[in-house]
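Okay, so here's the structure we're looking at.
The values are calculated or read from the model by the stated rules, or taken from the named source; none is laboratory data. Predicted, not measured: the structure shown is a model, and the values here were computed from it. Cβ placement follows ideal geometry from the backbone for every residue including glycine, while neighbour counts extend to all protein chains displayed.
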Amino acid sequence: MKLYYSPGACSLSVHITLHEAGMTFTPIAAPTKTHKLPDGTDYYSINPLGYVPLLELNDGTRLTEGPAIVQYIADQVPEKNLAPANGTVARAQMQGWLNFISTELHKGFSPLFNPATPAEYKPMVIEKLLSRFQWVDEQLAGKKYVMGDAFSVADPYLFNVSNWAPLVKVDLSDFANIATFRAHLSQRPAVQAAMRAEGLKV
């Protein structure tokens, strides 16, 4: 398999999940600014949308969208317990987390990374993001992971997205449960391996 990623982007969630799954794969950097792969290939020829992650399976099938990819990975190694079984309430709850992180947090950050966003609009974006992180902090009270005591593929995604906060001056220091969650996740070998591979500070 091949994982197309950009260092620190949302593809980090998939990168971590592949390590958690113990699956063999080749990471290929696809910088979101140049869209040029190390061999000079135009990444748009791989993914016409131009963004990461993209997981290319051994048969050439290409999967996109992080929340879908991490669930596919989890289902390939059920013995690893990276996601609740399909059809269960717990699986639906985990999918709810993946959707929330994707739409309310991940996309919530987007205007802050866009240089065209008017400066006067950014405080409103940050205020909304903080309200969402406040909810996350409340949900994490007394929990090791978003689903409770059990790690799931939703955890790397939350860790990944919350990494962006200091890059765009979103202060999460008031959220003690998020800080505890992040510290706990950062100790997982899979998280450390993926971050090292992407040249990120562990």
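In the stretch 21-57, what residues are of a type in the set (S, T, N, Q) and under 13 Å from Ile73 (Cα atoms)? Residue satisfying the conditions is Thr24 alone. Return a yes/no flag: does the stretch 53-70 have any residue that is without any contact (Cβ under 8 Å) to a residue 60 or more places away in the chain, within 19 Å of Trp97 (Cα to Cα) and part of a helix (DSSP H, G or I). Checked the stretch 53-70: at least one residue is without any contact (Cβ under 8 Å) to a residue 60 or more places away in the chain, within 19 Å of Trp97 (Cα to Cα) and part of a helix (DSSP H, G or I). Cβ contacts < 9 Å: first residue assigned to a helix (DSSP H, G or I), restricted to the stretch 105-129; second residue of a type in the set (S, T, N, Q), any location; separation 6+ or different chain. Result? Listed by first residue and then by second, the contacts come to Leu105/Ser162; His106/Asn160; Ser110/Thr117; Pro111/Thr117; Val125/Ser110; Val125/Thr117. If the condition is being at pLDDT below 95 and among the β-branched types (Val, Ile, Thr), then the stretch 25-41 contributes Thr32, Thr34.
In the set (1) surrounded by fewer than 18 Cβ atoms within 10 Å (Cβ to Cβ); (2) under 24 Å from His106 (Cβ atoms), Leu18 fails one condition alone, (1).
Hey, does the stretch 153-168 have a residue that's over 19 Å from Glu104 (Cβ atoms) and in a loop (DSSP other than H, G, I, E, B)? No: the stretch 153-168 contains no residue that is over 19 Å from Glu104 (Cβ atoms) and in a loop (DSSP other than H, G, I, E, B). If you check Asn86 against the conditions, is it modelled with pLDDT of 95 or more and assigned to a loop (DSSP other than H, G, I, E, B)? Yes: the conditions hold for Asn86.
When Tyr4, Tyr44 are checked against the criterion of being touching a strand residue (DSSP E or B) at 6+ places or on another chain (Cβ under 9 Å) and at pLDDT 95 or above, a single residue qualifies: Tyr4.
Screening the candidates Pro38, Pro31 for the property of being part of a loop (DSSP other than H, G, I, E, B), touching a strand residue (DSSP E or B) at 6+ places or on another chain (Cβ under 8 Å) and farther than 14 Å from Glu56 by Cβ yields one hit, Pro38. Residues to consider are Val168, Val136; find the one that is outside the structural domain of Gln71 (by TED's automatic domain parsing) and buried (at least 18 other Cβ atoms within 10 Å of the Cβ). Matching residue, one of Val168, Val136: Val136. The set of residues from the stretch 19-49 being touching a residue at least 60 places away in the same chain (Cβ under 8 Å) and under 16 Å from Ala68 (Cβ atoms) comprises just one member, Ala21.
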